1. Among the listed residues B:82, B:77, identify the single one that is of a type outside the set (D, E, K, R), at pLDDT 95 or above, crowded, with 19+ Cβ neighbours inside 10 Å and not in a loop (DSSP other than H, G, I, E, B).
2. Hey, can you tell me all the residues within segment B:189-219 that are in a strand (DSSP E or B) and in contact (Cβ under 8 Å) with a residue 12 or more places away in the chain?
3. Let me confirm something: among B:186, B:228, which residue is assigned to a strand (DSSP E or B), within 14 Å of another protein chain (Cβ to nearest Cβ), modelled with pLDDT of 95 or more and surrounded by fewer than 18 Cβ atoms within 10 Å (Cβ to Cβ)?
4. Evaluate segment A:231-238: report whether one residue or more is among the polar types (S, T, N, Q), within 12 Å of chain B (Cβ to nearest Cβ), farther than 17 Å from residue A:208 by Cβ and not in a loop (DSSP other than H, G, I, E, B).
5. Considering each residue of segment A:112-140, count those that are at pLDDT below 95 and within 14 Å of another protein chain (Cβ to nearest Cβ), and give that number.
6. Which of (1) farther than 30 Å from residue A:310 by Cα; (2) of a type in the set (Phe, Trp, Tyr); (3) touching a residue at least 24 places away in the same chain (Cβ under 8 Å) does residue A:258 not meet, given it meets every other one?
7. Hey, among A:176, A:220, which residue is more than 9 Å from chain B (Cβ to nearest Cβ), more than 12 Å from the chain's Cα centre (by Cα) and either on the phi > 0 side of the Ramachandran plot or among the aliphatic types (A, V, I, L, M) (or both)?
8. Restricting to segment A:239-265, what's the tally of residues that are over 17 Å from the mean Cα position of the chain (by Cα) and assigned to a helix (DSSP H, G or I)?
2 protein chains.
Amino acid sequence: MRPPGKFSLLGFAAVALVFMVTIAHAQNPLPSWNDGPSKKAIVEFVMKVTKEGSPGFVPVPERIATFDNDGTLWAEQPMYFQLAFAIDRVKTLASQHPEWKDKEPFASLLKGDVNGALAGGEKAILEIVMATHAGMTTEDFEQTVKDWVASAKHPKTGRRYTEMVYQPMLELLTFLRANGFKTFIVSGGGIEFMRPWTEEVYGIPPEQVVGSSIKTKYELRNGQPAIVRLPELNFIDDKAGKPLGINSHIGRRPIAAFGNSDGDLQMLQWTTAGNGARLALIVHHTDADREWAYDRKSSVGRLDKALDEAKAKGWTVVDMKNDWKTIFPFEKR
Amino acid sequence: MRPPGKFSLLGFAAVALVFMVTIAHAQNPLPSWNDGPSKKAIVEFVMKVTKEGSPGFVPVPERIATFDNDGTLWAEQPMYFQLAFAIDRVKTLASQHPEWKDKEPFASLLKGDVNGALAGGEKAILEIVMATHAGMTTEDFEQTVKDWVASAKHPKTGRRYTEMVYQPMLELLTFLRANGFKTFIVSGGGIEFMRPWTEEVYGIPPEQVVGSSIKTKYELRNGQPAIVRLPELNFIDDKAGKPLGINSHIGRRPIAAFGNSDGDLQMLQWTTAGNGARLALIVHHTDADREWAYDRKSSVGRLDKALDEAKAKGWTVVDMKNDWKTIFPFEKR
């Protein structure tokens, strides 16, 4: 029989170890972030707004944080993932649309010539979006997105698109929520393209997703109510649209906002123009080896004016290459 | 020895009884509701969807409940309270608009002739709304609403409008939230007219308020970002608009919905057409002494088609006179 003293000591040691690991983890809530000015700015901001009695304290209901999605929470190269979805849908639906063989932008897409298809500019993109995102019920569209997300693979990494999310940003979402923040997505992407998977992937429920939308119609089909997606734009949640989307869906000003491109500039302006402590953060894609490196000249996720304004106003600019220990969850050892 | 079949049945009954007693008496979550079919339907529904392992169980994130506002959470007689706000604004702003003296619908309003002003129909209402709800920043409008709510008095009771809320519905909101529900307002009223006070009065934060809206514009004023309210309708969150507003703002189907008029019919249809346990409830204004009695022939809060459909489909219809012990919080002894 083990002497009781030793047993207790071992028990105590085990408890102490667990306790220390717990503490260590709590003290390092952002393990994929290297120590540096970005991590410091985040942690100091959170300490400031959560410290009761301090001048920077913000009550829990007002701790609103908004995140862009493409290029901020998940990757956006070599093309916006929603565009990859639309192209896959065009291919799937082509058999029902023999006329697409001779009709742009579909003809080029079906030949695999994406650049040729997009040469038609906004009009071409709109045609592709409407052909693939409208005409069905919201429930059918949701299922189509779920099926695609479960099967489609990224052309470079061979991973599912929902695996191409940024580990440091997942940790940041969790860290903010653990500190009483409500986290929202505010994206130029389609609101109904994101909602089917954001809860599982980011812990962000559908009612906290703001995005671009097309018009819808309510109707009874054989006595059963349905919401049908119409081929008409409703709202573009990008650039000056982002503060409007925030106002419409959230109804209060965020105290923290996270983006990566000029499409996020107005959201960051709106957020930082409020009173009290504010955090504005831009993810700068600087890592050509582990992810992509692009900014002022990129057609996808262009970061130009917002980079200048970030520097002028002292916003936090994440240098992906140096600030992030890990980029994607699948890299973790 | 008792046969096992009978024993199980008795055991089940005993457990059910204890559970019901716990809900109904120990916690007494709905003290202003008289015992009767309405209270029973509510309590049984909540028991069903919250009982883990039961076939009716609904996980917490999907416990979405949507409430109409006018006539469901607060009164709406002798006119929608937002119309009273608009009329008060016309009077306040009249000195800046000398032309209103000779221009309908303003001229009639300024003479105190509301019916004369509203004789102009939708066009007149729209003119009143735009003159009083547009042209300012969202922040200025919010302050105007807060000031009005803090000072304006109901013409019949002399109470503030936010005191004219239904005590049984406040208890219902609390009861649902205590059982893991997220409570939303889905109202034909203006979204920015409600948000400044719903958190304090109902415990419903701005991001859980869905309503009608006008268009907005983002702009920099002397370098400061502002959201400006434009004199153009954006969305009418009434009738078939309610399921669309729910889809746009919440992104999932409610499992419980609460209304009082034909404007809520489609929301109730949409809610009850989902799978699993559903609760659809209509507040029927039957108490001319303590509140008002009106339904099929009322111009405010008309309840006609929805009353027929409620009866046909077995929805819960609250008989205000008999189901509610107390109507307004200020009556409580």
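1. Working: B:77 fails: not in a loop (DSSP other than H, G, I, E, B).
Unique residue meeting the criteria: B:82.
2. Here is the first cut: in segment B:189-219, the ones in a strand (DSSP E or B) are B:189-190, B:209-219.
Of everything in segment B:189-219, those that are in a strand (DSSP E or B) and in contact (Cβ under 8 Å) with a residue 12 or more places away in the chain turn out to be B:189, B:190, B:209, B:210, B:211, B:212, B:213, B:214, B:215, B:216, B:217.
3. Values: B:186 fails: surrounded by fewer than 18 Cβ atoms within 10 Å (Cβ to Cβ).
The conditions single out B:228.
4. First, the residues of segment A:231-238 that are among the polar types (S, T, N, Q): A:234.
Now restrict to residues that are within 12 Å of chain B (Cβ to nearest Cβ): A:234.
Now restrict to residues that are farther than 17 Å from residue A:208 by Cβ: A:234.
Now narrow it down to the ones that are not in a loop (DSSP other than H, G, I, E, B): A:234.
The answer is yes; a qualifying residue exists.
5. Here the count works out to 0.
6. (1)
7. Working: A:220 fails: more than 9 Å from chain B (Cβ to nearest Cβ).
Selected residue: A:176, the only one of A:176, A:220 that is more than 9 Å from chain B (Cβ to nearest Cβ), more than 12 Å from the chain's Cα centre (by Cα) and either on the phi > 0 side of the Ramachandran plot or among the aliphatic types (A, V, I, L, M) (or both).
8. Total meeting the criteria: 3.
The values are calculated or read from the model by the stated rules, or taken from the named source; none is laboratory data. Because the structure is a prediction, the values reported are computed rather than measured. Here Cβ is always computed from backbone atoms with ideal geometry, including for glycine, and neighbour counts include all displayed protein chains.
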